[in-house]
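Below you will find the structure I want to go over with you.
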Amino acid sequence: MRAMVDQDLCISCGLCISTCDDVFHWNDDDKAEAIDEDVPSDFEDEVNEAIEGCPTEAIKEI
């Protein structure tokens, strides 16, 4: 699984980071981003939860 955060859609709500801080973090623009687009299999459920919960649908599985 691969994930990315669309920087144009991210509103910095922090849901993805609070859901899975092993995959998402704040970047220099105070927006969420994937630490590494390749998601370790141990975190796929949490990333899917973040994708489903993102209020602006900024997180995409690529």
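None of the figures in this text is laboratory data; all of them are computed from the coordinates on show. For clarity, every value in this text was computed on a predicted model and none was experimentally measured. Reconstructed Cβ throughout: ideal geometry from the backbone, glycine too, with neighbour counts over all protein chains shown.
Relative to the longest principal Cα axis of the chain, at what angle does helix 44-53 sit, 0 to 90 degrees, rounded to 10?
30
Under the rule of -39500 (n - 2.57) per DSSP H run of 4 or more residues, summed and divided by the residues of the chain, what mean residue ellipticity at 222 nm is obtained, to the nearest 500 deg cm²/dmol? Working shown, then result.
On the way: 2 runs with 15 residues, N = 62.
Helix-only estimate at 222 nm: -6500 deg cm²/dmol.
Output wanted: per-residue J couplings in Hz (rounded whole) for segment 7-20, from phi through Karplus 6.51 cos²θ - 1.76 cosθ + 1.60, θ = phi - 60°, x for Gly and Pro.
Per residue, the Karplus-derived 3J(HN,Hα) values read 5, 6, 9, 5, 10, 6, 6, x, 4, 5, 5, 6, 7, 8 Hz.
So if I place +1 on the C-beta of Lys and Arg and -1 on the C-beta of Asp and Glu, and nothing else carries charge, what would the dipole magnitude of the chain be about its Cα centre? I want it in debye, nearest 20. Show your work: numbers first, answer last.
Details: 3 positive and 19 negative charges, 37 e Å.
That gives a dipole near 180 debye.
Which whole-number percent gives the relative contact order of the chain, counting Cα pairs below 8 Å spaced six or more residues apart? Each step should come with its number before you reach the end.
Values: 103 pairs, mean separation 30.3, N = 62.
Once divided by the residue count of the chain, the mean separation gives 49 percent.
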